[in-house]
Amino acid sequence: MEDPKKVAFYTLGCKLNFSETSTIARSFKDEGFTRVDFNEYADIYVINTCSVTDNADKRFKTIVKQAQKSNENAFVIAVGCYAQLKPEELAAVDGVDLVLGATEKFKITNYLNDLTKNDMGEVHSCEIEDADFYVGSYSFGDRTRAFLKVQDGCDYKCTYCTIPLARGISRSDTLENVLDNAKKISDKGIKEIVLTGVNIGDYGKGEFGNKKHEHTFLDLVQALDTVEGIERLRISSIEPNLLKNETIEFVAESDTFVPHFHIPLQSGSNEILKNMRRRYMKELYVDRVNKIKEVMPDACIGVDVIVGFPGETDEYFLETYNFLNDLDISYLHVFTYSERDNTLAAEMQAVVPLKVRKKRSKMLRGLSAKKRRAFYESQLSKAKTVLFEGENKEGYIHGFTENYVKVKTPWDPSLVNTLHKVDLQEIGEDGIVRFSYVEEGVLT
Ligand code: SF4
């Protein structure tokens, strides 16, 4: 009997891409393939690309080369956002055999009858308007956490963003499917589920193929809260204008949803927010942060921010810096603006020089470190619950509390995927928190 063919995957970008790689990998398994690590010999290498990644083309070429190093005759397939946006560009990369767009990636195994290599990669793509159907996904980030896709695409028109072009209109999984997938994940012994999507606050739109909201994001949160066996649910990233008081209040009362929010701000200047076509002003953002802190004083709040957007003068940048400095938030994810083809922002005047963008990014990363430290300090001497992760990092095991404080202790395999009540004690030189156990033994 012939040995099963081997397939390896590489994922760039967000949690949503990770969840979709898992779904694609399962379809290979159903066809009898064996999954191996990307640095091992495989017959097929699948690269799930991202359009947000800086130097996406350079990164992609390096990954293709890595695959060829393991097997020079391997069949290389590119899928994902970048494959949808620039299929011809990827197909022209030496060694690439097949490029599948947004509608084709989940039918990948239909393309495996002929694995002959050609000089030029074959493209099977579509107009993004055709990407109007929904494919549910979930993945296991490690052995302790799963990413559950609940929504895809986006109907917003932020002027810097290519995601609507790469992923299509906003559409959602049915509530029934989401609950079903959540149950499957918890049955596998996974303790934490992270909800993912492009714009998850828009949940319910396109749920049954129409543009109306059949359910709201709050309905989703309330329904998930009742699924038995899930220890923790984390809302990943949610637009501030879609994060309603009712959801915040529900999370505050829930034993399963954790007090951690990641809310994109992008700029602390209303002028820049308008030019970005964001759907809120900074006053609404302050209001969201205050509401969360009012009902969950220990909540962790992460913020996405973009520096160097066209027209961001020194004054506007300082306005953003001071705004964030004054706000009760816990960390920042800083993105340096870079022009993307086919976006309105790429045509805008008053371009910020690259050197200035880099300097501003550095300043905000410094502010982020300060915010994180202040947040961790505010949590010392408090009792929290830690979920330990599955990786041995230089002799240590790491974990996160419900409110996303990172802790570490010497490696002990019996801790993996267990929850423990701990007392947060001090911040180490590496910025990670040390703890003592409040109670002996495992919670679950
Ligand atoms: S909300 Fe704006 S930034 Fe986010 S995916 Fe939609 S268009 Fe892009």
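The values are calculated or read from the model by the stated rules, or taken from the named source; none is laboratory data. All figures in this text were calculated on a predicted structure; none of them were measured in a lab. Here the Cβ is made from the backbone with ideal geometry for all residues, glycine too, and neighbour counts use every protein chain on show. The protein model used for the area step is the full one, side chains on, heavy atoms only, and it has no ligands, DNA or RNA in it. Shrake-Rupley method; radii C 1.70, N 1.55, O 1.52, S 1.80 Å.
Note on residue 382 and residue 226: the extension gain reaches 53.4 nm, defined as 0.36 nm multiplied by sequence separation minus the Cα-Cα distance. Set the Förster radius R0 to 60 Å, insert the Cβ-Cβ distance between residue 295 and residue 72 as r into 1/(1 + (r/R0)^6), and round the FRET efficiency to 0.05. Efficiency at R0 = 60 Å is approximately 0.55.
Here segment 1-20 and segment 383-444 have alpha carbon centers that stand 30 Å from each other. Dipole magnitude for segment 217-309: computed about the Cα centre from +1 point charges on Lys and Arg Cβ and -1 point charges on Asp and Glu Cβ, it is near 620 debye. For segment 222-351, dividing the convex hull volume of the Cα atoms by the residue count gives 118 Å³ per residue. With both residues required to sit in the chain, DSSP beta bridges show an antiparallel share near 35%. The GluC sites (Glu not before Pro) of segment 196-266 that meet both conditions, a loop assignment by DSSP and at most 10 other Cβ atoms within 10 Å of the site Cβ, are 228. In straight-distance terms, cross-link reach from residue 5 covers every one of the lysines whose alpha-carbon lies under 17 Å from its own, apart from those fewer than eight places away in the same chain; here that gives 29, 117.
Put simply, the C-alpha atoms of the chain give a gyration tensor, and the ellipsoid matching it has half-axes of 34, 29, 23 Å, longest first.
Spin-label model, residue 313/residue 411: points 7 Å from Cα along the beta carbon direction are separated by 5.5 nm. Figure legend: label point modelled 7 angstrom from the Cα of residue 214 along Cα→Cβ; no residues of segment 97-116 have amide N under 20 Å from it.
Taking only the C-alpha atoms of segment 1-144, Rg followed by Dmax gives 14.2, 45 Å.
Taken over the C-alpha atoms, segment 383-437 has Rg and Dmax values of 10.0, 26 angstrom. Within the shell of other residues whose beta carbon sits under 10 angstrom from the beta carbon of residue 8, the net charge comes to -1, with Lys and Arg scored +1 and Asp and Glu -1. Model label points for residue 140 and residue 94, set 7 angstrom from Cα along the Cα-to-Cβ axis, are 3.9 nm apart.
For residue 146, nonlocal amide neighbours, meaning residues 5 or more places apart or on other chains whose placed amide H falls under 5 Å from its own, are 141, 192, 193, 194. With a threshold of 30 Å on the Cα-Cα distance, the over-threshold entries among 188/370; 183/384; 58/184 are 188/370; 58/184. For segment 34-137, the set of trypsin sites (Lys or Arg not before Pro) satisfying both a DSSP loop assignment and a count of at most 11 other C-beta atoms within 10 Å is empty. The solvent-accessible area of residue 126, taken with every protein chain present and a 1.4 Å probe, is close to 30 Å².
Protein heavy-atom surface of the chain, 1.4 angstrom probe: 48% of the accessible area is carbon and sulfur, with nucleic acids and ligands not counted.
Between the beta carbons of residue 38 and residue 392, assuming R0 = 22 Å, the FRET efficiency works out to 0.65 to the nearest 0.05.
Work out, in µm²/s and without decimals, the Stokes-Einstein translational diffusion coefficient of segment 117-195 at 25 °C, 0.890 mPa s, Rh from Kirkwood over C-alpha pairs.
Working: Rh = 14.8 Å.
D, rounded to a whole number, is 166 µm²/s.
Taking Cα centre as origin and charging only the Cβ of basic (Lys, Arg, +1) and acidic (Asp, Glu, -1) residues, the dipole magnitude of the chain rounds to 1080 debye. Among the cysteines of the chain, 14, 50, 81, 126, 154, 300 have no other cysteine beta carbon within less than 4.7 Å of their own.
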